[in-house]
Every structure is written in C-alpha cells, then in structure tokens.
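K.L.:
Once you've had a glance at the structure underneath, I'll fire off some questions.
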Amino acid sequence: MLEKREFYIGGRWVAPAVPRDCAVIDPSTEEPCAVISLGDRADTDAAVAAARGAFDGWAATPPAERRRLVEGILAQYEARKEEMARAISLEMGAPIDLARSSQAPCLPWHLTNFLGAFDQIEWIRPLGPHAPTDRIAMEPIGVVGLITPWNWPMNQVALKVIPALLAGCTCVLKPSEEAPLSSMLFAEFLHDAGLPPGVFNLVNGDGAGVGSQLSAHPDVEMISFTGSTRAGRAISKAAAESLKRVTLELGGKGANLIFADADEQAVARGVKHCFNNSGQSCNAPTRMLVERAIYDQAVEIAREVAEATRVASAHEQGPHIGPVVNQRQYDQIQAYIQKGIDEGARLVAGGLGRPDGLNRGFFVRPTVFADVVPGMTIEREEIFGPVLSILPFETEAEAVRIANDTPYGLTNYVQSRDGARRNRLARQLRSGMVEMNGRSRAAGSPFGGVKASGRAREGGVWGIEEFLEVKAISGWDPEAEAAAAE
C-alpha cells in the first residue's frame, strides 16, 4: 500500500502538523490502496503563508519567464504519463484505457491550450483612442485556493493551477481526498520543472477541514471550486466574510434534444456519452429528449447500447466502464434507481444491484429509464452515475421548455440536420455550453454554466482572466512606455 502522508508546502514535502490518516480506497476492489493524511489548520496556514510569501516575486516575474516554467511541466508529464494514468485509474476507478486516452491527457491538452491563450493577453492595454493617456492593466489577484473533485481529477487541476500560475498568482491546491494520488504526482511535476518555492502548494484534506479553512482564510484572495452545488453554496457563504472572489463549476443535468432528422448515430452516441466515466461527469447528457416520431425506436436503441455496455474492473484493459468512486456514491445511485421505479418511470435496461459476475467493487448496472415525466426525481436531480432518463416531446417549443426547466445550466446538446433549428436552439437553451451533432467544443472554448451549475469560465483566455484583476490607470506616459520598450 502506498504511503503518501506528506504535503507539498514551500517547495518541499513536509509532514502534517497533526497526523490524521485517511485511506484511499480502490473502487474496483473496495480495498485500501494508499494512505494520506488530512490537513489541520496549521497545515493550511503554513501553505497559505508560503504562497503569500512567494506572491510578490512570482507576480513580478516577467510573463515570458512564467510561461517558460509552466511549459516545463509538459516534459515532466511526458516522462511519467503512464504513472499518471495508473494513479487516476487506481484512485477513482477510471478504466486504465480511459485513464490513458482521456483522463491523464487532460493535463497536456489544457496546458498547451492555456499557453496559446496566454500569448494573446495584453497585460497593459489602451482604453481607447479617446483616452490616449489611459491604460487598463491586468494583474494577478493574489493567493488563490483551488479545490478540485475526484471525477476528472487531472482535468480540473489543470484547468485551475495552470491559468493561476500563468496569471501570476500563487496557489494552494486541495484535491479531493478520494483521488489525491494524481495531484501529488502533479506536484512532483511542478517541483521538477523548477517552479520557485511557495508558488504552488498542496495540502490534502476534506471539505469540512482544509476546504472550509481555505474558503474563509483572510489571506486567500480567491477560491476556485469544482464540485457539488451544495458545497458550492457553503463555500460562497464562508468566503463572503472576507469578500474574496469565488468561481464555481458545479453540477449539471444536461438535456440532449434529438429530433427526427438527426443522424442515425445520434441516440447511440448520446447513451455512450451519458455512460462515459461511469456517468460521473457534470456535463453528461443524462436527460434524452426525443421527438415523438422516433421515440420508440430511440428507446430500443438505448436499451441495446446499455445492454452492450460492459462493466469491469478499472485494472482491466478494454472498452468498458468501471466502478463509481465509493460506497456512498454507489448507495446514492441505487436510491435514485429505486426512486425512478417507485415514481413510475419504465425501466428498460439495467436496474438495481451490481452487474452479473461482479459481487465486489462499486459497480453499477448501466441503466435506462423511458417514459420519464418532467418533475420526476430522476429527471430533476443529478445522479452522477450511468443512469439515463428518456422523455418524449412533440414540438420544438416543448423540448426547449423541458430542457430549461431545471435548476442546472451547464451543457445542453442538440441533434438535428436542420442548421437553422440548431442555431435557434443554441440561443434558446439556458446553459453555459451547447454542443450540437456530436461536435466537441474547440480548444480555447470556455467551460462553465449558469444557474445552479455555477458561473465559472474555465479554459482559454477566459480561464486565465478569472485569476486577474482589472486596474484602470489615467495619466500614463506613452513616450516613457515607448522608450522603455526600446
């Protein structure tokens, strides 16, 4: 079993102030695979102090030098990417092939994209031709607390740490205690890339401990959090006392609108997307809204795809889905499946219990409910497991009404060959993102939602600017500026 009790503070690995062991559970076996320590207030304070001490120097570091140091993380990843994939697979149950192809590569993907966005930022820019001696300066906000989840651990770490560093902020990362191993490996990457001491710090802990301490800490200028809507509300309340900036990327209940003129792969594509990562994605299209003319056919296709979806250990190679992350998550998903049955939805695939042949591990049967009615629990609440709800609609207006009738607003999906309809729906759907006809958003596109999905915008120029303050300056001397540039 791995022993990873230390925290990364001030450029070195240090023992916790007060030992407090926490087992990391392999969700494929239900057995401990590692032990970490949960941080105490003294650990949080030490990490924040290290970040605060390093801030002035890092903020004053020329952007080109910050870029060079951050770019150096790529070489560390390339040398150890298999180690990263195995850490993610072990800690949160992503099948090893998925960890290699999708989970671990989030780091180089986002890092490379942020470097491109970074090159577009004008750090001191004119206000406009009407004000020749006015300037707008973009400056780092300060020490930032970054709280990340377990479901796409390296995706969220990269979306927060990389832009914070490029912006000139120093940071304290609290990864999920369910999936800390990948983040601790990431800390090694940053150390070996030569990042100055104190610029990046990591303290493991739970939400009630280190998470709450960072949120309320007077020396933390900003909290960036990804996780549940419930936790996002608690963080906002804790942060309000010190008036710090809070950016939240929260839950979702994405609607996938499938019209009769959609391509022949639309339904199968939507089911597979829902089940990807065992349904543990906030942007999963978990509500499939199908035009009545093709509804029966769509339900049958969904059943076939669900029954063909293999469930197996994360340690096995192959195109299957793995377990969900822990016992609590497994029990919650089972309760939602039972609720769907009790409220009268038609179970067409999957259901309660583990898949055949799996009697240990947090494995969930890929489940499809048809004839779901708006307002049912499984239609309203985020399940975070491989459970799909299918609803019929008669008209475009009805589809929009059902899709928007949710507390959430992260990602919606549209499947139609009618370009005018797609354009129309993209503007009418209340969400931070709309993906159409299976086409993923391009590099540099911001990730984030509205309403109870939070209002963060992670990725691209927007993702870096979240960590910047805007300073308005008058009386700037353009001649002195030109002379300094020569």
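Where a number appears in this text, it was derived from the coordinates with a stated rule and is not lab data. Because the structure is predicted, anything quoted here is derived from the model rather than measured. Virtual Cβ from ideal backbone geometry, glycine too; neighbours counted across all protein chains shown.
K.L.:
Bins of 5 Å, beginning at zero and ending with the bin holding the largest distance: percent of Cα pairs per bin for the stretch 1-78, please.
P.N.:
Calculated over all Cα pairs of the stretch 1-78, the distribution is 3, 13, 14, 15, 16, 16, 13, 7, 3, 1 percent.
K.L.:
What share of Cα pairs, in percent, lie more than 17 angstrom apart in the stretch 44-135? Numbers along the way, then the final one.
P.N.:
On the way: 2840 of 4186 pairs.
Cα-Cα pairs in the stretch 44-135 separated by more than 17 Å: 68 percent.
K.L.:
Moving on. Give me the extension gain from K237 to A472: residue separation times 0.36 nm, minus the current Cα-Cα distance, reported in nm with one decimal.
P.N.:
On the way: separation 235, 0.36 × 235 = 84.60 nm, distance 2.92 nm.
Computed gain between K237 and A472 is 81.7 nm.
K.L.:
Using a ≥ b ≥ c from the Cα gyration tensor of the stretch 121-181 (square roots of the eigenvalues), is it rounded, prolate or oblate, where a/c under 1.5 gives rounded and otherwise the larger of a/b and b/c decides, a/b for prolate?
P.N.:
Judged from the Cα gyration tensor, the stretch 121-181 comes out prolate (a/c at least 1.5, a/b above b/c).
K.L.:
What does the C-alpha gyration tensor say about the overall shape of the stretch 139-271? Classify as rounded when a/c is under 1.5, otherwise prolate if a/b is larger than b/c, or oblate. Kindly include the intermediate steps, with their values, before the conclusion.
P.N.:
Working: a/c = 2.20, a/b = 1.62, b/c = 1.36.
Here the stretch 139-271 falls in the prolate category.
K.L.:
Right, next: Would you tally the net charge around N437, using a Cβ to Cβ cut-off of less than 13 Å, leaving N437 out, and scoring K and R as +1, D and E as -1? Can you show the working numbers first?
P.N.:
On the way: positive: R269, R417, R421, R422, R439, R441; negative: D261, D263, E264, D418, E435.
Once positives and negatives cancel, what remains is +1.
K.L.:
Just list whichever of K244/K471; K244/K451; K237/K339 have alpha carbons separated by over 25 Å in the model shown.
P.N.:
Values: K244/K471 17 Å; K244/K451 20 Å; K237/K339 31 Å.
Violating the 25 Å Cα-Cα cut-off are K237/K339.
K.L.:
Could I ask something else about it? Between R430 and D296, what's the calculated FRET efficiency when r is the beta-carbon distance and R0 is 35 Å? Round to 0.05.
P.N.:
Numbers: r = 29 Å, r/R0 = 0.83.
My answer for the efficiency is 0.75.
K.L.:
Please give the net charge around K339, taking every other residue with its beta carbon less than 12 angstrom from that of K339, where Lys and Arg add +1 and Asp and Glu add -1. Write out the running numbers ahead of the final one.
P.N.:
Working: positive: R380; negative: D342, E343, E379, E381.
Here the charged neighbours net out to -3.
K.L.:
If a/c stays under 1.5 just call it rounded; otherwise compare a/b with b/c (prolate if a/b is bigger, oblate if not). Do that for the chain, with a ≥ b ≥ c from the square roots of the Cα gyration tensor eigenvalues. It would help to have the intermediate numbers written out before the result.
P.N.:
Working: a/c = 2.07, a/b = 1.36, b/c = 1.53.
Oblate.
K.L.:
Cut-off is 10 Å between beta-carbons; in what order do V290, V373 appear when sorted fewest neighbours first? Intermediate results must be reported in sequence, preceding the final value.
P.N.:
On the way: V290 29, V373 13.
Ascending number of Cβ neighbours within 10 Å: V373, V290.
K.L.:
With θ taken as phi - 60° and the coefficients 6.51, -1.76 and 1.60, list the Karplus ³J(HN,Hα) couplings across the stretch 186-197 in order, rounded to whole Hz; mark glycine and proline as x.
P.N.:
4, 4, 5, 4, 5, 4, 5, 6, x, 5, x, x
K.L.:
Taking every pair of alpha-carbon atoms in the stretch 389-440, what share in percent sits in each 10 Å bin, from 0 to the bin with the longest distance?
P.N.:
24, 61, 15
K.L.:
Order these peptides, 124-137, 233-246, by their mean beta-carbon neighbour count within 10 angstrom, highest first.
P.N.:
Numbers: 124-137: 12.4, 233-246: 16.1.
Packing proxy ranking, top to bottom: 233-246, 124-137.
K.L.:
Right, next: May I ask you to list the aspartates and glutamates whose Cα is less than 16 Å away from that of K253, ignoring any residue fewer than eight positions away on the same chain?
P.N.:
Cα-Cα hits under 16 Å: E379, E381, E382, D405, E435.
K.L.:
Out of all DSSP beta bridges with both ends in the chain, state the antiparallel percent to the nearest 5. Write out the running numbers ahead of the final one.
P.N.:
Numbers: 23 of 63 bridges.
Of all bridge pairs located within the chain, approximately 35 percent are antiparallel.
K.L.:
Given contacts defined as C-alpha pairs under 8 Å and at least six residues apart, what's the relative contact order of the chain, whole-number percent?
P.N.:
Values: 1098 pairs, mean separation 89.7, N = 486.
It rounds to 18 percent for the chain.
K.L.:
Compare the peptides 29-35, 414-420, 322-328, 181-187 by average per-residue count of other Cβ atoms within 10 angstrom and give them in order, highest first.
P.N.:
Details: 29-35: 15.3, 414-420: 17.0, 322-328: 21.3, 181-187: 23.9.
So the peptides 29-35, 414-420, 322-328, 181-187, ranked by packing, come out 181-187, 322-328, 414-420, 29-35.
K.L.:
Further, regarding this structure: Find the relative contact order for the stretch 107-259 and round it to a whole percent, using C-alpha pairs within less than 8 Å whose residues are 6+ positions apart.
P.N.:
Values: 222 pairs, mean separation 31.9, N = 153.
Once divided by the residue count of the stretch 107-259, the mean separation gives 21 percent.
K.L.:
Would you mind checking which residues have amide H under 5 Å from I390's amide H? H placed 1.01 Å from N; only 5 or more apart, or other chain.
P.N.:
Close amide H contacts, sequence-distant or interchain: M288, F369, A370, D371, V372.
K.L.:
Using only Cα atoms and rounding to the nearest 10 degrees, what angle (0 to 90) does helix 295-308 make with the longest principal axis of the chain?
P.N.:
70
K.L.:
Given R₀ = 30 Å, what would the calculated FRET efficiency be for E398 paired with R230, taking r from the Cβ atoms and rounding to 0.05?
P.N.:
So the FRET efficiency works out to roughly 0.45.
K.L.:
I would also like to ask the following. What is the gain in length, in nm to one decimal, between A268 and A484 on full extension, counting 0.36 nm per residue of separation less the C-alpha to C-alpha distance? Mind showing how you got there, number by number?
P.N.:
Numbers: separation 216, 0.36 × 216 = 77.76 nm, distance 5.97 nm.
So the chain would gain 71.8 nm between A268 and A484.
K.L.:
Taking only Cα atoms, what is the 0 to 90° angle, nearest 10, from helix 41-60's long axis to the longest principal axis of the chain?
P.N.:
Taking the Cα atoms of the chain, the angle to 41-60 is about 60 degrees.
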